[in-house]
Amino acid sequence: MNSRVRILLVDDHPMVREGIKLFLKQDGSLEVVGEVSNGEEALRAVEQLQPNVVLMDLLMPVMDGVSAIQQLKSRHPEVEVLALTSVLEDEKVIGAVQAGASGYLLKDSQPYELIEAIHAAGRGEVRLHPEAAKRLMRQVKTPEMREPLTPREVDILCLVGKGYSNKRIGKQLNLSENTVKAHVSSILSKLGLTSRTQAALFALREGLIQLEN
């Protein structure tokens, strides 16, 4: 049986936090271990509570979500962060993903979409609102590749583009998780990218996969 996904809620509106907790109660495998109202509090809470996934608002006092994501990922790269916000501005979308968020959802998402995105983040998969993905694709430059991708790397890049985790890619391609991890590192190096989220967006931009609504 899979262990519970431990979640930290970060939002400066108590009503929003209460609503999210109500949604998440639909899934018994999700556990909200804490809630805070700004990015500064979030950094302390992550140290104390050790969540698997952080749901991070972007517009908050004291420390905003983008700054908090950047510091959180630098200190705790193993913790996945989902940006959950009411805004879809290019600056916020780009800032959150560049800071290290593995997902970007709007607060008007359906409860099942939020729950699925949390589970995906817990597996190390990428989940982006379709409109956010479209905006981000414009920012992912086609780099000068240091060397071409191998056929196997192209296969793996396509699955990264679909948001698959290393474990899921390994099962589909009959490879070990460590082998997939090595291939992903090679892909990022060859493409001059820094994260699997950027690799997923590159795959979308280059037409290797189609954006799903």
- Message: Students often check this: by mean Cβ neighbours within 10 Å, which of 23-34, 51-62 ranks highest, and how do the rest follow?
- Response: 51-62, 23-34
- Counting each DSSP H run of 4 or more residues in the chain as -39500 (n - 2.57), what helix-only mean residue ellipticity at 222 nm follows after dividing by all residues, to the nearest 500 deg cm²/dmol? -15000 deg cm²/dmol
- Please work out the C-alpha center-to-center distance from the range 148-209 to the range 49-87 and express it in whole Å. 24
- Query: Once Lys and Arg get +1 and Asp and Glu get -1 on their Cβ, which of Ser102, Val81, Thr179 lies farthest toward the positive end of the dipole of the chain?
  - Reply: Thr179
- Message: Quick check of the Kirkwood formula: for the chain, what is the inverse mean of 1/r over all pairs of different Cα atoms, in Å?
- Response: 17.5
- By how many degrees, between 0 and 90 and to the nearest 10, does the Cα long axis of helix 14-24 differ from the longest principal axis of the chain? 60
- Rounded to the nearest 10 degrees, what's the angle between the helix 65-75 long axis and the longest principal axis of the chain, both from Cα atoms, 0 to 90? 70
- Averaged over all viewing directions, the convex hull of the alpha carbons in the range 151-205 casts a projected area in nm² of 3.2
- Most exposed first by the Cβ proxy, i.e. fewest other Cβ within 10 Å, how do Ile187, Ile94 rank? Ile94, Ile187
- Over all directions, what mean area does the Cα convex hull of the range 1-113 project, stated in square nanometres? 6.6
- Message: Using only Cα atoms and rounding to the nearest 10 degrees, what angle (0 to 90) does helix 90-99 make with the longest principal axis of the chain?
- Response: 80
- Query: So how many Lys-Lys pairs in the chain land under 14 Å Cα to Cα, not counting same-chain pairs under 8 apart?
  - Reply: 5
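Quick note: the coordinates plus some simple rules give every number you see, no bench work behind them. Quantities reported herein were computed from a predicted structural model and do not represent experimental measurements. Reconstructed Cβ throughout: ideal geometry from the backbone, glycine too, with neighbour counts over all protein chains shown.
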